[in-house]
There are 2 protein chains.
Amino acid sequence: MDSEGGASIAGQLRRDLGRLTPNERRVAHRLLADYPMAGLDTAARFGEAAGVSAPTVLRMIAKLGFASYGAFQDRLKAELAAQRETPLTKGGTRPDGDPLDAFALAAIANLRATAENVPREEFDATVRLIADRRRPLHLLGGRFTDAIAAYMAAHLRVLRPQVQHIEGQPAAWFDRLLDIGKQDVIILFDIRRYSDDLLVFAERAARQGARIVLVTDQWLSPISKVARHVLPAHVPAPSVWDSSAGLLLIVEALTAAVVAEQGGTARDRLEALERLRRGD
Amino acid sequence: MDSEGGASIAGQLRRDLGRLTPNERRVAHRLLADYPMAGLDTAARFGEAAGVSAPTVLRMIAKLGFASYGAFQDRLKAELAAQRETPLTKGGTRPDGDPLDAFALAAIANLRATAENVPREEFDATVRLIADRRRPLHLLGGRFTDAIAAYMAAHLRVLRPQVQHIEGQPAAWFDRLLDIGKQDVIILFDIRRYSDDLLVFAERAARQGARIVLVTDQWLSPISKVARHVLPAHVPAPSVWDSSAGLLLIVEALTAAVVAEQGGTARDRLEALERLRRGD
DNA sequence: TCTACATTGTAACGTATATTTCAGTTCGAC
DNA sequence: GTCGAACTGAAATATACGTTACAATGTAGA
């Protein structure tokens, strides 16, 4: 990682230790001993922990080349964030085995992370919204995720009336806004390389009072700012594209939960549909 | 870790999400999406990132039971420090009964079984077929799986020309047969409650010499009898419907493998597309 | 011992930040 | 529709913090 003084603050610290005054060195040692947490405290408390005054801490930071204590802390946080990034299976160093296995492992990790991070309140609230048959339902997705929206729509149409998958050109979407009001529920799918068109649509729909449910990735589409409910999935995959497995998990779990919520009604509907299909 | 909302702030957040007002919930989502780094910023910047004002952040923090924003940040730092000491290895799951967890576990089992059971020769042969740009490609699925076909088509269209997703009424499918010959590749998706229409279409296409790739379930659609390559996925799920996660895994792994197979060509195409989209 | 310089903490300062107040707005219930 | 309650952000306020100036102390070399 920082075997030689360089990239990280810790490395630079070890390298520049000689240029520091005795008390500044105590600060450096304190930071290295409790890295990087000690540096996230206030300058005064950091100093106290090292047994020196705040100005000594500031002088040490300045010698490292930081313009301010804040800049120093920002850098520490950035290092922390980079380290936390994908603790498992990160950075193209795969002893490249089978692509299917590699993808399966990534997808499994995504499903785990998704199941863990979806807030149950949001999930349950969404189920109730979908199960409420009086509310018209509209589904829509981005360039790739629109297929997931179609998948969900196909299933929900079996469970309840008034399920619309909004298709076609973005310009045509807005025709739908005419009839969208407070009662309507819009389920949107939007992951990385977030769609501007979707955002505009969501904003207008929100202004008209529609309830917006957003299924997005772990970094949250900007649509989250106007969404009533947000369901985040994890999507990283060993590919040029993200994986939609987490989105699919949310969709399938939602539909299963809606069936459970509706109980006998849904099953009656399913059976009726079966009879219709068979033609008797 | 936080199998049940409690110990960590993240868990408490997910549990108390219901008590929060809409904008407070945005704050919570932002924190969960970028946990815990988002909370280490100043309240104002944290709020800005979530699209709300600083007071809303403070109110949310107060509802969590913290006396001040500083106390909240101290707690986050403490969690970070604790996590750093014990790298990973956590296995806590939610008390079962949670539909998302149940579905995730089933889907994970399906992915494992799928990765294990897909014959590598079939997978590799399919990759080569798709990567061959001279061969026109047609994709088609059943009532629910057609969305998976659309998903795959959307990705493949980026990688190569001549990718057709066959849509619309089954009667209209057969128009396509006019121009289908030995060069054409047809990728079909068909799982339980196998589609008669799809079978008929596959048989006619096979008679005209088209190469048929079938993505199906572990029990194999009857189309397997006329298919050149068969890729079986495991689909059982705790729901009235099967899960398509295994199909999605195959699709995503295939597209990733095609990109790898095509090498620089595919990446050039991707970059060219990016430029076109940006308009420069 | 004296002087020049480096080192360090105290205290004062100004700014950035958390916190509170309050008025405008939205939303749901009747 | 009308009313009341809940929600939210702008602005005002208080506080904590980083930062700076300066005096006290220590240190090295004549």
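Tabulated results
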{"quantity": "Evaluation of residue A:78 against (1) more than 11 Å from DNA strand C (Cβ to nearest atom); (2) part of a helix (DSSP H, G or I); (3) more than 30 Å from the chain's Cα centre (by Cα) (one fails), failing number", "calculated": "(3)"}
{"quantity": "Failed item, numbered, when residue A:257 is tested on (1) open to solvent by 10 Å² or more (accessible area, probe 1.4 Å); (2) of a type in the set (A, V, I, L, M); (3) under 14 Å from the mean Cα position of the chain (by Cα); (4) closer than 20 Å to residue B:241 by Cβ", "calculated": "(3)"}
{"quantity": "Residue within segment B:159-169 that is within 19 Å of residue B:256 (Cβ to Cβ), assigned to a helix (DSSP H, G or I) and at the interface with chain A (Cβ under 10 Å from one of its Cβ atoms) present", "calculated": "yes"}
{"quantity": "Condition broken by residue B:28, with the remaining ones in (1) modelled with pLDDT of 90 or more; (2) within 16 Å of DNA strand C (Cβ to nearest atom) satisfied", "calculated": "(2)"}
{"quantity": "Qualifying position, being more than 17 Å from residue B:129 (Cα to Cα), within 24 Å of the chain's Cα centre (by Cα) and at pLDDT below 95, among B:176, B:192, B:207", "calculated": "B:192"}
{"quantity": "Subset tally (residues that are at the interface with chain A (Cβ under 10 Å from one of its Cβ atoms) and assigned to a helix (DSSP H, G or I)) for segment B:12-37", "calculated": "17"}
{"quantity": "Criterion violated by residue A:147 - all others in (1) within 20 Å of the chain's Cα centre (by Cα); (2) in a helix (DSSP H, G or I); (3) surrounded by fewer than 17 Cβ atoms within 10 Å (Cβ to Cβ) satisfied", "calculated": "(3)"}
{"quantity": "Segment A:15-37, residues that are farther than 15 Å from residue A:56 by Cα and either surrounded by 15 or more Cβ atoms within 10 Å (Cβ to Cβ) or among the acidic types (Asp, Glu) (or both)", "calculated": "A:16, A:32, A:34, A:35, A:36, A:37"}
{"quantity": "Failed criterion for residue A:182 (all others in (1) without any contact (Cβ under 8 Å) to a residue 40 or more places away in the chain; (2) part of a helix (DSSP H, G or I); (3) open to solvent by 40 Å² or more (accessible area, probe 1.4 Å) hold)", "calculated": "(2)"}
{"quantity": "Answer residue from segment B:235-254, given it is more than 7 Å from chain A (Cβ to nearest Cβ) and part of a helix (DSSP H, G or I) and is farthest from residue B:130 (Cα to Cα) among those", "calculated": "B:246"}
{"quantity": "Residues within segment B:40-51 that are buried (at least 22 other Cβ atoms within 10 Å of the Cβ) and more than 10 Å from DNA strand C (Cβ to nearest atom), tallied", "calculated": "1"}
{"quantity": "Selected residue [under 28 Å from the mean Cα position of the chain (by Cα) and either within 10 Å of DNA strand D (Cβ to nearest atom) or within 15 Å of residue B:70 (Cα to Cα) (or both)] from B:47, B:51, B:11", "calculated": "B:51"}
{"quantity": "Qualifying residue in segment A:131-138 (condition: touching a residue at least 60 places away in the same chain (Cβ under 8 Å), part of a helix (DSSP H, G or I) and at the interface with chain B (Cβ under 8 Å from one of its Cβ atoms))", "calculated": "no"}
{"quantity": "Selection count where residues are surrounded by fewer than 17 Cβ atoms within 10 Å (Cβ to Cβ), assigned to a helix (DSSP H, G or I) and more than 14 Å from every other protein chain (Cβ to nearest Cβ), scope segment A:60-70", "calculated": "2"}
{"quantity": "So residue A:260, is it part of a helix (DSSP H, G or I), more than 16 Å from residue B:32 (Cβ to Cβ), hydrophobic (A, V, I, L, M, F, W, C) and at the interface with chain B (Cβ under 10 Å from one of its Cβ atoms)", "calculated": "yes"}
{"quantity": "Condition met for residue B:111 (within 24 Å of residue A:257 (Cα to Cα), crowded, with 17+ Cβ neighbours inside 10 Å and touching a helix residue (DSSP H, G or I) at 6+ places or on another chain (Cβ under 7 Å))", "calculated": "yes"}
{"quantity": "Which numbered condition residue B:219 misses (of (1) open to solvent by 40 Å² or more (accessible area, probe 1.4 Å); (2) touching a helix residue (DSSP H, G or I) at 6+ places or on another chain (Cβ under 8 Å); (3) part of a loop (DSSP other than H, G, I, E, B))", "calculated": "(2)"}
{"quantity": "Answer from A:207, A:228, A:269 - the residue that is open to solvent by 60 Å² or more (accessible area, probe 1.4 Å), assigned by TED's automatic domain parsing to the domain that holds residue A:142 and under 27 Å from residue B:13 (Cα atoms)", "calculated": "A:228"}
{"quantity": "For residue B:163: the one exception among (1) surrounded by fewer than 22 Cβ atoms within 10 Å (Cβ to Cβ); (2) β-branched (Val, Ile, Thr); (3) within 20 Å of the chain's Cα centre (by Cα)", "calculated": "(3)"}
{"quantity": "Counted residues, segment B:25-42 - those being within 29 Å of the chain's Cα centre (by Cα) and within 13 Å of DNA strand D (Cβ to nearest atom)", "calculated": "6"}
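Yes/no per residue for (1) in contact (Cβ under 8 Å) with a residue 24 or more places away in the chain; (2) out of contact with any Cys (no Cβ under 6 Å at 6 or more places or on another chain); (3) closer than 21 Å to residue B:246 by Cβ:
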residue	(1), (2), (3)
B:153	no, yes, yes
B:166	yes, yes, no
B:171	no, yes, no
B:174	yes, yes, no
B:190	yes, yes, yes
B:200	no, yes, no
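The values are calculated or read from the model by the stated rules, or taken from the named source; none is laboratory data. Computed from a predicted model, the values in this text were never measured in an experiment. Please note: Cβ atoms are built from the backbone with ideal geometry, for glycine as well, and neighbour counts cover all protein chains shown. SASA here: full protein model, heavy atoms, side chains in, ligands and nucleic acids out. Shrake-Rupley method; radii C 1.70, N 1.55, O 1.52, S 1.80 Å.
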